[in-house]
Amino acid sequence: LPDDFQELPQRLAGAAMAVLPRTTCEGIPQKLLNYMAAAKPIVASAGSAKVIEHEVTGLVVPNGNVEAFAAAILRLAADPDYAQRLGGAARAHVAASYSWELAAERVECVYEGLIGRRGNQPHERDGARALLADSPSSRAV
C-alpha cells in the first residue's frame with residue numbers, strides 16, 4: 001500500500017508501540033517527539049533516544065544490539081500496563097518540554113538577546129523590535 005501522509009496519525013494511533021532502531025542522529029528525531037506526543041511506548045536505539053529516559057519515558061537499547069531490541073519489544077508486548085505507563089510519561093515529558101509555546105519563548109529569548117547586544121538604548125531596541133514585527137516571516141499567511 002502506498003503511504004499517504006494524511007493516514008499517518010491514524011496509523012500511529014492504532015499502533016501498540018513505536019520503535020526507532022536508528023543508531024545515529026544529529027539533534028532530536030522529529031518522529032521520536034511525535035511518538036512521545038502520541039503517548040506510545042517506545043523502544044529506541046541509544047543513538048536516537050536523546051530525550052528518552054530509560055524505563056521512565058521509554059526503553060533504550062544499545063546501538064546495534066538486535067537481541068536487546070527484540071527483548072525490549074517483547075517486554076512491552078507482554079506488559080501492556082507498563083507500556084501504557086511509559087507512553088503516558090513520554091507524553092507528559094514532551095508536552096512539558098517541547099511545546100510550540102516553549103519553542104516560541106526560546107526563539108524570543110534569542111531575539112531579545114541579539115537586540116539587547118546590538119542596541120542598548122531603548123529607542124534602538126524598540127526600532128529593532130518594530131523591524132522584526134514587520135518582517136514578512138512574522139505576518140500571517
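The values are calculated or read from the model by the stated rules, or taken from the named source; none is laboratory data. Quick caveat, the model's predicted, so the values are computed rather than measured. Cβ coordinates were reconstructed from backbone atoms using ideal geometry, including for glycine residues, and neighbour counts include every protein chain displayed. All accessible areas refer to the heavy atoms of the entire protein, side chains included, with ligands and DNA or RNA removed. Shrake-Rupley method; radii C 1.70, N 1.55, O 1.52, S 1.80 Å.
The figures follow:
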| quantity | calculated |
| --- | --- |
| Computed lengthening from Glu112 to Ser97, 0.36 nm per intervening residue step minus Cα-Cα distance | 3.3 nm |
| Positive-end residue of Ala68, Ala39, Ala83, charge dipole of region 20-90 with Cβ unit charges | Ala39 |
| For region 18-109, accessible area per residue (1.4 Å probe, heavy atoms of protein chains only), Å² | 56 Å² |
| Segment Gln84-Leu33, extension gain: residue separation times 0.36 nm, minus the distance between their alpha carbons | 16.7 nm |
| Environment charge at Ala90 (Cβ cut-off 12 Å; Lys +1, Arg +1, Asp -1, Glu -1) | +1 |
| Heavy-atom accessible surface of region 1-97: percent carbon and sulfur, 1.4 Å | 57 percent |
